[in-house]
1. If you scan the range 48-89, which residues turn out to be assigned to a strand (DSSP E or B) and either within 17 Å of Glu33 (Cβ to Cβ) or modelled with pLDDT under 95 (or both)?
2. Arg44 is checked against (1) closer than 19 Å to Leu97 by Cα; (2) at pLDDT 80 or above; (3) outside any strand (DSSP E or B) and fails just one. What number does that condition carry?
3. Could you check how many residues of the range 13-26 are of a type outside the set (S, T, N, Q) and surrounded by fewer than 17 Cβ atoms within 10 Å (Cβ to Cβ)?
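The values are calculated or read from the model by the stated rules, or taken from the named source; none is laboratory data. It should be emphasised that the depicted structure is a prediction, and the values quoted were computed from it without experimental measurement. Glycine also receives a Cβ, built like all others from the backbone with ideal geometry; neighbour counts cover every protein chain displayed.
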Amino acid sequence: MKIEKIELVSDKVLTILWDDGHESLYFADHLRENCPCADCDALRANKQENSPFKILSVRPEDIRFVSYEIIGRYAVSFKFSDGHSTGIYTYEQLRDLCQCDFCTGKVVRIQGPLH
């Protein structure tokens, strides 16, 4: 699985076109909430935390993409508006975090008449 193209649609929305033709959709707050860095993993693992957003210094809806960097041929690193930039998202993790309608199960299949 390889990335063909990354596009910042806005400072809150990013798309990735994969080499298999799938176009993934990501929202900045969702990727930030699911940051795979050691610090964020430790905070999520702490059962006393009620919300993963307690790690954020701003409201989740205010999180924005600042920049991104492709790491080798396996991952992407994002810098977010709260200053966080230590998470390295592997291609597999990004694919699992896709928020498109198909991946989230929001696609309604319309069936035509039976012949």
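1. Across the range 48-89, the qualifying residues are Phe65, Val66, Tyr68, Val76, Ser77, Phe78, Lys79, Phe80, Ile88, Tyr89.
2. Result: Arg44 fails condition (2) only.
3. Looking only at that region, the number is 7.
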